[in-house]
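Below is one structure, written out as structure tokens; comments come after it.
The values are calculated or read from the model by the stated rules, or taken from the named source; none is laboratory data. Remember, it's a predicted structure, so these values are computed and weren't measured experimentally. Here the Cβ positions follow ideal geometry from the backbone for every residue, glycine too, while neighbour counts run over all protein chains shown. Only protein heavy atoms, including side chains, enter the accessible area calculation; ligands, DNA and RNA are left aside. Shrake-Rupley method; radii C 1.70, N 1.55, O 1.52, S 1.80 Å.
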Amino acid sequence: MGIGIKIVTSLQKEVPGLQLFPELSKAPMPVMATPGDLWFWLRGDDMGELLHRGRAIEVIAKPAFDIHNIVDGFKYGHGMDLTGYEDGTENPQDKEAEEAAIMEGESEKMDGSSFVAVQQWLHDLNEFEKLTENEQDNVIGRKKSTNEEISDAPNSAHVKRVEQDDFDPPAYVVRRSSPWIENQQSGLMFLSFGHSFDAFEMQLNRMVGMVDGVSDALFTFSKPITGNYYWCPPLGKEGLNLSQLMS
Ligand code: HEM
């Protein structure tokens, strides 16, 4: 579960580090903020069970909240984006994943929590499929056939834009994105967890061309249609620990 800044401010509380999604409307590739108040990520294999869990949350939230967006995500093959490229390869693992995604050493009420950036991307797969496989590889910066990184990929290649080791300080995040389909539209529901939003924002600034004027080649076939930041409270023994929002 994620909580947006508006809820926190209306409770007259503070979550250090929580902010609004950046509105980069003047960037070469503009991205928009579409702030939401609460976010739930329901996971499981059984769509029926997920529906009923979602409905139960709806009943609890109903007096105060309207549902704005429900997105059905799923796993494609061995964890691919709908373009056929493996997504998540360079995610930090184990201890390093925890360090990247989970807050530690801040305060008792904040430790164990995480910040998530949520961005729904809409693909134009017809546009992507017009490219040869070699051109597609240069959009991503990896080979579809082997998942190998292409060292001399163009500067606009996605992994060249967001290479985590290439930032100062290195910008590690834990991505847990999944493909989505609705009617005849499809894309990637991008999720990135961090102990702060700094790493995500450095990556996003490079993608949209704010750093060196070069924008990410992903924009040639995909565009973000939402942009949200949430704080995911820590889990205590009795469920969510919301003490940061209590007096
Ligand atoms: C249409 C949306 C997107 C698609 C299809 C996509 C796809 C991919 C793919 C295929 C990879 C290579 C494999 C891997 O390491 O996971 C990758 C890497 C990565 N992506 Fe994305 N991505 C998207 C959006 C984003 C956004 C919005 C960000 C952050 C602002 C981002 C951050 C990253 C990072 C940090 C890596 C790893 C780079 C490295 O250290 O090598 N991606 N993405």
Filtering segment 160-189 down to residues that are within 8 Å of the ligand (Cβ to nearest atom), without any contact (Cβ under 8 Å) to a residue 24 or more places away in the chain and closer than 17 Å to PHE115 by Cβ yields none
Could you tell me whether ALA117 is surrounded by 14 or more Cβ atoms within 10 Å (Cβ to Cβ), within 12 Å of the ligand (Cβ to nearest atom) and closer than 21 Å to LEU20 by Cα? yes
Of residues in segment 120-148 being in a loop (DSSP other than H, G, I, E, B) and surrounded by 14 or more Cβ atoms within 10 Å (Cβ to Cβ), the one farthest from the chain's Cα centre (by Cα): LEU131
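Go over the candidates LYS95, LYS75, LYS109, LYS62 one by one and state the one that is more than 25 Å from ASN241 (Cα to Cα) and open to solvent by 70 Å² or more (accessible area, probe 1.4 Å).
Exactly one residue qualifies, and that residue is LYS75.
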Mind telling me which of the residues ASN147, ASN241, ASN205, ASN228 ends up being within 24 Å of LYS26 (Cβ to Cβ), in contact with a Ser or Thr (Cβ under 9 Å, 6 or more places away or on another chain) and either acidic (Asp, Glu) or touching a residue at least 12 places away in the same chain (Cβ under 8 Å) (or both)? ASN228
